[in-house]
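Contents: one structure, followed by commentary.
The values are calculated or read from the model by the stated rules, or taken from the named source; none is laboratory data. This is a predicted model, so every value here is computed, not measured. Methodologically, a virtual Cβ is constructed for each residue, glycine included, from the backbone with ideal geometry; neighbour enumeration extends over all protein chains shown.
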Amino acid sequence: MRLLKERKTLLVTVIVCVALLLLISQAAFATDGVRLSASSEKGDVGDEVTVTISIENALDTEGGQFDLSFDADVVEPVSAARGGFVPDISGNLFDYNLDLAEGKLRVVWVTAEGATSDSGTVGTITFEILDEDDTTLTFSNIVMSPEDVDVAAPRSGSIEYDPVDELQKAIDAANKAIADLPDPEDITLADKPDVEKARDLVKEAKDLGATDADFDDLKKLEDAEKMIAKLEAIKAADDAILALPSVDVLTLDDKPAVVAARSLVDKAKTEHGAVDADFTYLDRLRAAENRIKELEGLVPTPPTGDMNYLLPLGLLIVLAGLFFFVKRSRPVSR
């Protein structure tokens with residue numbers, strides 16, 4: 001009886017050992033097969049996150065395909081791109097269908113001459129996060145070429161909802177708006193709405209607790225605002241000059257408008273650093289100012305004013321010259 005019991009114990013031990021060996025061998029076999037993996041990413045609603053699809057143990061493989069499932073209420077695929085494992089050379093292919101089915105996409109690739117790398121990135125898939133939730137990215141329908149290639153269990157990925165701190169989000173938005181502005185010397189009045197938007201975003205971030213040190217290039221925004229103010233001052237002066245009557249119909253009643261236009265020019269110069277070359281119609285203003293002086297009698301008015309002085313003076317000179325010439329030409333009587 002005791003001997004029988006010992007034999008049963010030995011048999012159970014053998015069976016357990018064999019089972020363990022089988023499990024170990026299967027695990028080893030699975031590890032040696034081609035394995036696909038999806039990365040895990042995090043983001044906030046409205047963000048776009050890029051998932052990397054990696055491959056291992058794939059030397060000499062000639063291509064493959066897989067389907068990737070996700071929660072369509074949580075994320076939406078927006079684009080895909082080939083990775084370094086599938087070089088963009090003749091005969092190779094990287095293709096995809098982001099709308100294969102509800103919550104499922106498909107990727108297909110070909111390495112016509114056989115993969116030259118054992119591992120790498122098959123491609124990337126960019127998703128937009130739609131909702132405040134997480135989703136798992138799971139593989140299915142994996143096919144490899146050649147057909148006898150062993151395939152290991154793939155590693156799923158995920159996209160997790162990770163809300164960005166409101167303050168940091170506001171700072172990031174302001175920094176991006178500032179970075180997108182042209183350089184201050186290239187600013188035009190058409191850029192004013194963008195400059196104002198960037199300032200509003202800075203104010204919003206400060207209302208949440210941001211300080212000047214949180215912004216990457218606040219001076220760029222300040223310089224852009226100064227340029228806008230300068231351009232507006234120049235335009236105000238040019239508009240005032242252009243609104244003046246032409247010189248030939250200008251009257252003393254127009255003097256206040258002429259003075260106001262000159263004040264706008266002076267203001268643009270003193271307050272904003274403008275120079276004469278910045279004004280389009282400065283010569284028109286100068287002509288108007290000269291005409292006002294003529295109408296006030298402060299300067300002669302050509303052609304009547306100047307000629308009234310010059311003609312008599314010229315005649316006197318000519319007559320005096322003739323008198324002395326004739327006098328010297330007469331013989332002296334004895």
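Of all residues in the stretch 58-73, those satisfying the criterion of being farther than 13 Å from Leu36 by Cβ and more than 39 Å from the chain's Cα centre (by Cα) are Leu59, Asp60, Glu62. What residue, of Asp172, Asp133, is in a loop (DSSP other than H, G, I, E, B) and among the acidic types (Asp, Glu)? Selected residue: Asp133, the only one of Asp172, Asp133 that is in a loop (DSSP other than H, G, I, E, B) and among the acidic types (Asp, Glu). Restricting Ser140, Ser117 to residues that are of a type in the set (Gly, Ala, Ser), in a strand (DSSP E or B), touching a residue at least 12 places away in the same chain (Cβ under 8 Å) and under 23 Å from Leu59 (Cα atoms) narrows the list to Ser140.
Does Ala153 qualify as being in the same structural domain as Glu48 (by TED's automatic domain parsing), part of a loop (DSSP other than H, G, I, E, B) and within 13 Å of Gly64 (Cβ to Cβ)? Here the answer is no, as Ala153 does not meet what is asked. When restricted to residues that are under 17 Å from Asp60 (Cα atoms) and in contact with a Ser or Thr (Cβ under 6 Å, 6 or more places away or on another chain), the stretch 87-107 contains 1. Of the numbered criteria (1) touching a residue at least 40 places away in the same chain (Cβ under 8 Å); (2) farther than 26 Å from Leu218 by Cα, the one Asp148 fails is (1). Residues that are at pLDDT 95 or above and part of a loop (DSSP other than H, G, I, E, B) within the stretch 92-112 comprise Asn92, Glu102, Gly103, Thr111, listed in sequence order.
The criterion of being at pLDDT below 90 and either surrounded by 11 or more Cβ atoms within 10 Å (Cβ to Cβ) or farther than 26 Å from Ser158 by Cα (or both) does not hold for Val34. In the stretch 50-69, the residues that are closer than 15 Å to Ala112 by Cβ reach residues that are polar (S, T, N, Q) and buried (at least 22 other Cβ atoms within 10 Å of the Cβ) with C-beta atoms within less than 8 angstrom, at least six apart or across chains, in these pairs: Thr61/Thr111; Glu62/Thr111; Gly63/Thr111.
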